[in-house]
Amino acid sequence: MNWVNLTSVEQLEEIKNASGYSLIFKHSTRCSISLMAKKNFEFDWDVIPSDTKLFFLDLISYRDISNQIAEIFQVAHQSPQILLIKDGECVLEASHSDISAEEVAEVIAA
């Protein structure tokens, strides 16, 4: 699996309007906890169905997009944070040590 870099508000609209599942990983490049959460997630991400689109947001470089994510999907901003989006709605939100590829896979399989 590969990350798609989230670098524009237009991509958020595409995620909001897409059918199926998309995942957004919000990462702070200045935070060791965020780096560990990202590495742990990537270590196990092969359990997530391969047709799930995985978006990566460097929230230090794209703070405005991070703010838009919170507004569009009605979630509080956190870092690190994952949001699983299905048909335009956030169906799973987790942050810090609660970030789990296995949980994402379980929600998709349910």
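The values are calculated or read from the model by the stated rules, or taken from the named source; none is laboratory data. These numbers come from a predicted model, not from an experiment. Every residue, glycine among them, receives a Cβ derived from its backbone with ideal geometry; neighbour counts consider all protein chains shown. Only protein heavy atoms, including side chains, enter the accessible area calculation; ligands, DNA and RNA are left aside. Shrake-Rupley method; radii C 1.70, N 1.55, O 1.52, S 1.80 Å.
Report the GluC sites (Glu not before Pro) located in region 8-110 that are in a DSSP loop and have at most 11 other Cβ atoms inside 10 Å of their Cβ, or state none. Could you put the intermediate results ahead of the total?
Numbers: sites: GLU10, GLU13, GLU14, GLU42, GLU71, GLU89, GLU93, GLU102, GLU103, GLU106; in loops: none.
Counting only loop positions with at most 11 other Cβ atoms within 10 Å, none of the GluC sites (Glu not before Pro) in region 8-110 qualifies.
Using a 1.4 angstrom probe on heavy atoms only, work out the carbon and sulfur share of the accessible area of the chain in %. Write out the running numbers ahead of the final one.
Values: 2750 of 5880 Å².
Taking all protein chains in place, the chain shows 47 percent carbon and sulfur surface.
For the chain, what is the accessible area per residue in Å² when the probe is 1.4 Å? Kindly include the intermediate steps, with their values, before the conclusion.
Details: 5880 Å² over 110 residues.
Heavy-atom accessible area per residue stands at 53 Å².
Distance in nm between label sites at LYS16 and CYS90, each 7 Å beyond Cα in the beta-carbon direction?
Result for the modelled spin labels: 1.3 nm.
Given only helices, namely DSSP H runs of n ≥ 4 each adding -39500 (n - 2.57), what is the per-residue ellipticity at 222 nm of the chain, to the nearest 500 deg cm²/dmol?
Working: 4 runs with 42 residues, N = 110.
When only DSSP H runs of four or more count, the value is -11500 deg cm²/dmol.
Name the long-range amide H neighbours of ILE85: under 5 Å, sequence gap of 5 or more, or other chain; modelled H, no Pro or chain starts.
HN-HN under 5 Å from ILE85: SER22, LEU23, ILE24, VAL91.
With each label point set 7 Å from Cα along the Cα-Cβ vector, what nm distance links GLN68 and CYS31?
2.1
How big is the Kirkwood radius of the chain, worked out from every pair of different alpha carbons and given in Å to one decimal?
Result for the chain stands at 13.6 Å.
For region 51-104, what are Rg and Dmax over the alpha carbons, in angstrom?
10.9, 29
On a C-alpha basis, how far is the centre of region 88-110 from the centre of region 26-54 in Å? Whole number, if you could?
So the two Cα centres are separated by 12 Å.
In the neighborhood of LEU6, defined by Cβ-to-Cβ distances under 11 Å, what is the net charge if each Lys or Arg adds +1 and each Asp or Glu adds -1?
Numbers: positive: LYS26, LYS53; negative: GLU10, GLU14, ASP58.
Neighbour charge sum, excluding LEU6 itself: -1.
Could you size up the charge dipole of region 4-109 around its Cα centre, putting +1 on the beta carbon of Lys and Arg and -1 on that of Asp and Glu, and report it in debye to the nearest 20?
Working: 8 positive and 17 negative charges, 80 e Å.
For region 4-109, the charge dipole is close to 380 debye.
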